[in-house]
Amino acid sequence: MGAALAINVEEAVGELIQLVSFNLGDEEYGVEVLKVREIIRMPNVTRVPNTPYYVEGVINLRGKVIPVMSLRKRFSLGEAEYDKRTRIMVMEVENELMGFIVDSVSEVIRISASEIQPPPPVVKSGVDQECMSGVINQTERLLVLLDLEQVSSQDERRMLTSVTI
Amino acid sequence: MTMEIEDQELLEGFLAETTELLEKLDDDLVTLEKSPSDSDLLNRIFRSIHTVKGASSFLGFELLVKVTHKTEDVLNRLRKGELVVNPEIMDVILEAVDLVKLLVSDIRSGDIKEREVEGTLVKLLPLLSENAAEATVIPAATPQPEVVSAKRGKKKSTTKSEKSAETVVVLQNPVPEAPRVVAPEHAPVALKPVESKNEELADNSTVRVDVKRLDDLMNQVGELVLERNRMIQLNANYQGGENLDVFGGDFGKLTKRVNFVTSELQTQVLKLRMIPVEKVFKKFPRIVRNLARDLGKEVDLRLLGEETELDRSVVDEIGDPLIHLIRNALDHGLESPDERVAAGKSRVGTVVLSAAHEGNQIIISIKDDGRGVDPDRVGKKAVEKGLVTEEQLANMMPREILDMIFLPGFSTKEKASDLSGRGVGMDVVKTNIKKLNGIIDIKSELGKGSEFILKLPLTLAIIQSLLVEVNGEIYSIPLSAVLETLRVEVSEFHTISGKEVLKLRDSVLSLVRLENVFGVTGDYADNGSCYVVVVGVAEKRIGLVVSRLLGQQEVAIKSLGKYLANLAGIAGSTILGDGNVALIVDPVSLIDGREGVSAGRMAA
């Protein structure tokens, strides 16, 4: 994945990329705006039993039932109460909708592709290396670019193997 | 060849019509064998074949024309009374019809293959000559396959090959070298191709809908539009500051009407999806006939309630299990004619296949008057095969013993035959019925016969469900699986080797606490009593312990998506009236889960 994105990045040098930036704790993350379907407030979440603890459950998105996961829990960033700033980012992952719970969504930023640097080899935060597709180092902020497709596809694999055991 | 047909619509029309005619034909032919003097029936069969012939000649499907033409000739002789229906003639006609089906399915797939039709044709020919005063008639060019192969696909040749087939020559020695070509290919596999071809023939991508139903649907939609307008009006009134009491009253009325209209609409749409069970049933007379002949048994198959309608999704799934059950009834259930006479029964065994509605379920039963299932024999076999131990067997009730025939690998047959005995069949039945959220029941009386009863939901998209609360969380249990609900005191529970059970009349019911299975942590004021929902899937029953029953509701099944697929105990989800999501409990995997089999299942 890292390789594929690297190529993308190289091709896109100088091009502007739009990112949605969001917060998990004190850290700031970003995902490509085109991948985000919508951003909604926390509705009632129905817990789904026998799922990994970071899967909060399912929600009703205008008649569609979609799973939501807490990115905080997913990346082991500690739990936090949901408040009025909490948002669900609904993204299309492998042709299915999925919600990711984040502390808050701040803004859409434009950066040039050349600003994206490969992720540092060792990152202290709990974010899995594979889910991180780059780091954006602007003067007063550090933004971690996430690849959420990677997040869920990894989980799926993990869940599948756990089922077969 | 398809390329030549400019009008694709014409071809589709042809396929639809032909398929319909052919599906009916099998049934008619078998009936004809039983009542050879029924001239109406014979005429109908003749007309069907004739129509197929006419249409295929028009579209230039020569092979089809050839086969249907000869078949028609034979039928014509039957019609004129020059031949009398007997099983041998019927075998040949059925073979010809099978060939026609094969050719039609070739055309449907757009991949028209070279088919060996001469073998069947040659079998038909003697029928055209026998009893004929003059001599034996054989077409000139028949034994040369090139006639067929060389000319395929060329429109021009239609007339030519038809002519060649019709040209007749008087020969002294009938049927030259034909049996040699035919026999090895057709005889042993007589049964199998029939089934698979039937599947292929059934085209499920298009629906034929009664115009009346469509009109009804339109009417309902019209009603709905009216109610919508009414709602917009109400909202305008409300915004305009209408008296709240008046608004409340109007809104209440509107709610009732919308409720009425939508449920009507729902019924209508469901009806559009409904097809008569006849679609599945009608292939059985043919199968039973062949089976009976193969097994040397005499069988009278009776079909009841063929007009019973059920959802197409269910119809598609139910064919296989029924074939297995019918085979079982014939092979295991019914005795040979001599045995029957010795047992004081009539020579001819009876198998009754019936369908009926019962509430929101369809009941299909396969009943035979054969020897019945012997629990002792089943028990002995199960021990022999290592499926249960002697002690386990001793503790089992007769019912539970009978249920063991559904275990994979179980068979009482000493030797596996072509038809049954490998111990796969009943397992397939069980799996299929489970997939449909159905229940299977066995009734058996030794020496008198046995009956298999399938209870299936009418549709798979919308289900009746029982909403229950488990420590504050709401779950939905498919009502088709619910047998009864009980309010019990926790003190009435017993334990057997650490597992909770409940004495329910004369049986012992294993209990599953949903809060444990689903890890529900919420608090619930436990006042010592709770509810037990008895669910049954296929032949098994367990009790689900819940805190409260909330009532019955019709719910639309929503998939949980790939990410949450295969969760044990969860079949899907649904959206409740308040917009919250409730999970649908999957009784199948809960029951299996108790047996230590981890099987997840997903409703689509």
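The values are calculated or read from the model by the stated rules, or taken from the named source; none is laboratory data. Just so you know, these numbers come straight off a predicted model, no measurement behind them. Glycine gets a Cβ as well: all are built from the backbone with ideal geometry, and neighbour counts include every protein chain shown.
Remarks
- Only one of B:V52, B:V30, B:V74, B:V67 that is in the same structural domain as B:E95 (by TED's automatic domain parsing) and either in contact (Cβ under 8 Å) with a residue 60 or more places away in the chain or not in a helix (DSSP H, G or I) (or both): B:V30
- Taking the criterion of being more than 30 Å from the chain's Cα centre (by Cα) and part of a helix (DSSP H, G or I), the residues of region B:77-102 that qualify are B:R77, B:L78, B:R79, B:K80.
- Only listed residue being modelled with pLDDT under 85 and more than 27 Å from the chain's Cα centre (by Cα), chosen from B:E227, B:E223, B:E200, B:E242: B:E242
- Search result, residues across region B:473-512 that are within 14 Å of another protein chain (Cβ to nearest Cβ) and among the small types (G, A, S): B:S476
- Within region B:453-483, considering residues that are part of a strand (DSSP E or B) and touching a Lys or Arg at 6+ places or on another chain (Cβ under 8 Å), the one nearest to B:Q553 (Cα to Cα): B:V468
- Residue match in region B:555-562 (condition: farther than 30 Å from A:E149 by Cβ and surrounded by fewer than 20 Cβ atoms within 10 Å (Cβ to Cβ)): no
- Qualifying positions in region B:374-409 - of a type outside the set (G, A, S) and under 24 Å from the mean Cα position of the chain (by Cα): B:L402, B:D403, B:M404, B:I405, B:F406, B:L407, B:P408
- Cβ separations smaller than 8 Å between residues 6+ apart or across chains give the following pairs from region B:550-572 residues that are closer than 18 Å to B:L590 by Cβ to residues that are small (G, A, S) and part of a strand (DSSP E or B): B:I557/B:A571; B:I557/B:G572; B:I557/B:S573; B:L560/B:G572; B:L560/B:S573.
- Residues in region B:327-352 that are of a type outside the set (D, E, K, R) and in contact with a helix residue (DSSP H, G or I) (Cβ under 6 Å, 6 or more places away or on another chain): B:L330, B:V351.
- Residues that are modelled with pLDDT of 80 or more and more than 9 Å from chain A (Cβ to nearest Cβ) number at least 2 in the following strands (runs of 3 or more DSSP E) confined to region B:536-584: B:540-546, B:548-556.
- Scope region A:38-77; condition among the hydrophobic types (A, V, I, L, M, F, W, C), out of contact with any Leu (no Cβ under 9 Å at 6 or more places or on another chain), within 11 Å of chain B (Cβ to nearest Cβ) and in contact (Cβ under 8 Å) with a residue 24 or more places away in the chain; matching residues: A:I59, A:V68, A:M69
- Filter result for the condition that a residue is out of contact with any strand residue (DSSP E or B) (no Cβ under 9 Å at 6 or more places or on another chain), at pLDDT below 85 and not assigned by TED's automatic domain parsing to the domain that holds B:V534, over B:F410, B:F406: B:F410
- Residues satisfying the criterion are present in region B:513-526 (criterion: within 14 Å of another protein chain (Cβ to nearest Cβ) and part of a strand (DSSP E or B)).
Residue-wise test of (1) at pLDDT 80 or above; (2) crowded, with 17+ Cβ neighbours inside 10 Å.
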| position | (1), (2) |
| --- | --- |
| A:C131 | no, yes |
| A:E140 | no, no |
| A:L143 | yes, yes |
| A:S162 | no, no |
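- In region A:55-71, the residues that are surrounded by fewer than 20 Cβ atoms within 10 Å (Cβ to Cβ) and within 13 Å of the chain's Cα centre (by Cα): none
- Tally, over region B:325-348, of residues that are outside any helix (DSSP H, G or I) and either within 28 Å of the chain's Cα centre (by Cα) or not hydrophobic (A, V, I, L, M, F, W, C) (or both): 8
- The set of residues from region A:91-111 being within 14 Å of chain B (Cβ to nearest Cβ) and either buried (at least 20 other Cβ atoms within 10 Å of the Cβ) or out of contact with any Gly (no Cβ under 8 Å at 6 or more places or on another chain) (or both) comprises A:M91, A:E92, A:V93, A:E94, A:N95, A:M98, A:G99, A:F100.
This table checks each residue for (1) surrounded by fewer than 17 Cβ atoms within 10 Å (Cβ to Cβ); (2) over 22 Å from B:G577 (Cβ atoms); (3) among the polar types (S, T, N, Q).
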| position | (1), (2), (3) |
| --- | --- |
| B:L436 | no, yes, no |
| B:F452 | no, yes, no |
| B:K455 | no, yes, no |
| B:V470 | no, no, no |
| B:E484 | yes, yes, no |
| B:H494 | yes, yes, no |
| B:G498 | yes, yes, no |
| B:S510 | yes, yes, yes |
| B:E515 | no, yes, no |
